[in-house]
Every structure is written in structure tokens, then in C-alpha cells.
Amino acid sequence: MTGTIIAAGIVMLLIITLLNTTRIVPQKKAYIVERLGKYSRTLNAGFHILTPFLDRVAYKHSLKEIAVDVPPQTCITRDNIAVEVDGVLYLQVIDPVKASYGIENFLFASTQLSQTTMRSEIGKLELDKTFEERVAINHAIIEAVDKASDPWGVKITRYEIKNIHPPQTVRDALEKQMRAEREKRAQIAESEGKRQAKINVAEGTRQEAIAESEGEKQKRINEAEGRAREIEVLALATAEGIRKIAEAIEAPSGKDAVNLRVAEQYIKQFGNLAKEGNTLIIPSNLSDVGSMVAAATKLIQKN
């Protein structure tokens with residue numbers, strides 16, 4: 001009976017020892033093994049068996065990129081304005097051995113170093129520049145912390161400023177400044193709109209005046225061409241009439257017909273003068289009238 005109990009105890013001891021000496025390392029993890037208090041080896045992802053009573057896992061590190069929150073801190077700018085700044089630091093363990101033995105707590109050390117570097121960089125800039133130079137500040141912090149963390153086996157991948165909080169009085173002043181700037185831009189835009197409207201109206205008036213003048217010009221040209229055409233037609237008609245009269249005069253008895261026509265018009269016009277007014281105009285040589293009438297009568301009798 002006693003032997004059975006001893007055997008069972010030995011089996012249980014072996015099982016417990018086996019469980020304590022086996023290690024399964026997850027992916028993207030690294031375990032640091034010490035043998036009798038001294039670094040022995042690094043266990044990467046997989047199944048491992050330790051030497052009982054001699055080996056132990058002293059440190060466990062994640063090989064993933066880690067985001068560390070940098071607490072808010074008060075920084076003094078170049079123009080003596082106190083601002084509160086916080087950020088996020090991204091780092092990754094590259095060498096687990098250095099991360100274990102190079103520094104006690106590399107997360108705390110990286111955070112503190114990023115804060116001190118932040119204060120130094122903010123102190124080089126005026127308040128207005130701190131909002132514009134975020135990229136430059138981030139780059140400076142990454143360069144400083146990464147250089148210092150190299151012996152720790154840690155790689156600083158990036159740093160991002162989350163917030164920059166100036167004092168309330170400064171925020172009020174900035175708000176007034178931005179409001180004034182917005183009002184200024186609105187007034188400029190309104191004045192530009194009015195200016196453009198006046199330019200458009202003036203351009204429209206000019207185009208309208210040009211169109212009216214062009215229309216008036218074309219109208220006068222058309223009227224002038226019409227009058228010229230009228231004069232031309234009238235002249236042609238007159239010339240044609242004169243030509244025909246000349247041909248008639250040259251024809252037989254043409255001259256007699258002309259004389260008769262002249263006598264008729266003379267007598268007709270003379271009679272009209274007598275009808276239209278109380279005053280009668282009598283030619284100075286009445287014999288001329290008689291001769292005209294006689295000539296006209298003689299021509300009629302011949303015909």
C-alpha cells in the first residue's frame with residue numbers, strides 16, 4: 001500500500017514538473033529564459049521544453065507595434081504662453097534581450113523621453129507656429145526618442161500630437177481673430193461681388209450701345225442706299241424721257257409738236273394765275289402771247 005502511494009506521488013511530481021517545464025509561445029511573442037539567474041536563450045513562437053529546476057521564463061515581450069499614451073503636460077512656448085500638449089507614441093520591440101536587460105521599463109522611459117523632447121521643441125516655437133509645425137515636432141520627437149531607445153532594443157515608429165490646448169484667454173483671443181478674419185473675407189467677397197456686378201452692368205450697357213449704334217448705322221446705310229437707288233432710277237427715267245423727247249423732236253413734225261405743247265402749257269399756266277389770285281400778271285409784251293396763241297392755233301388747224 002505504501003509503495004503504491006509513493007509511486008502515485010512520483011507520477012504526480014513528474015506530471016507537475018513536465019507541466020512547469022513546457023512552454024507554448026504564441027505568435028509575435030518572445031520569452032527570455034534564464035538558467036540559474038543568467039540569460040540562457042530566447043524562445044520564439046512554438047512549443048518549448050525547459051530544463052527542470054534550472055530554467056525559468058524571466059521576461060515576456062510582445063513583438064507587435066505598441067501604442068503608448070503620452071499624458072498631457074504643460075509646455076512654455078517661445079513667446080511665454082503655457083500650452084497643454086498630449087500625444088501618442090508608437091514603438092516596437094526589435095531585440096527582446098536588450099528590452100529585458102537594457103532598461104528596467106522601456107515603456108515608461110520612452111514616455112518620459114518623449115515628454116521632455118516635446119517641451120524642448122515647443123519652447124523653440126511661438127504659439128501660432130505650434131499649430132502649423134506639428135509634423136516637424138513629431139519628426140523631432142521620433143528622431144530623439146529613437147536614438148535614445150536604440151540600446152533598449154526598441155524601435156520608435158512614429159509619434160502623433162493629439163491636442164494642443166492654449167489657455168482660455170488665448171483661445172478667446174484666437175476666436176476673435178478668426179471671427180475678424182472671417183468677417184474680413186466676407187466683406188471682401190461681397191465687395192468683389194458688387195464690383196463684378198457693376199462691371200457686368202457696364203459691359204451690358206456698352207454692348208447695348210454698340211448694338212444700337214450698329215443698328216442705327218445699318219439703318220442709315222439702308223436709307224442712303226434706298227435714296228441713292230431712287231435718285232438713280234429717277235435719273236435713268238429722266239434721261240430716258242429726255243432721250244425719247246429728243247427722238248420725237250427729230251422725228252417729222254416733232255418741232256411743231258414741241259411748239260404746240262409749249263403754247264398749251266403757257267396758256268394753261270397763265271390761266272391758272274388768273275384763277276388763283278386777285279392779282280393778274282400780264283406779260284410785258286402782249287404780242288408775244290398773241291404770237292404764241294396764233295402759232296398754236298395755226299398748228300392745230302394744220303393738224
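Just so you know, all these numbers are worked out from the coordinates, no wet-lab data involved. Model, not experiment: these values are computed from the prediction. We place every Cβ from the backbone using ideal geometry, glycine too, and count neighbours over all the protein chains shown.
List of remarks:
- Hey, residue 193 over 21 Å from residue 84 (Cα atoms) and touching a residue at least 24 places away in the same chain (Cβ under 8 Å) or not: no
- Test for residue 166: is it loosely packed, with under 14 Cβ neighbours inside 10 Å and in contact with a helix residue (DSSP H, G or I) (Cβ under 8 Å, 6 or more places away or on another chain): no
- Checklist (1) over 28 Å from residue 88 (Cβ atoms); (2) buried (at least 18 other Cβ atoms within 10 Å of the Cβ); (3) among the small types (Gly, Ala, Ser) applied to residue 114, failing item: (1)
- Entry remark, region 117-132: residues being surrounded by 18 or more Cβ atoms within 10 Å (Cβ to Cβ) and not polar (S, T, N, Q) number 5 in total.
- Whenever a residue of region 87-113 is without any contact (Cβ under 8 Å) to a residue 12 or more places away in the chain, it has no partner that is of a type in the set (D, E, K, R) and not in a helix (DSSP H, G or I) lying with C-beta atoms less than 8 angstrom away and at least six residues away or across chains.
- Residues in region 133-149 that are in contact (Cβ under 8 Å) with a residue 24 or more places away in the chain and either buried (at least 20 other Cβ atoms within 10 Å of the Cβ) or over 16 Å from residue 75 (Cα atoms) (or both): 137, 141, 144, 145, 148, 149.
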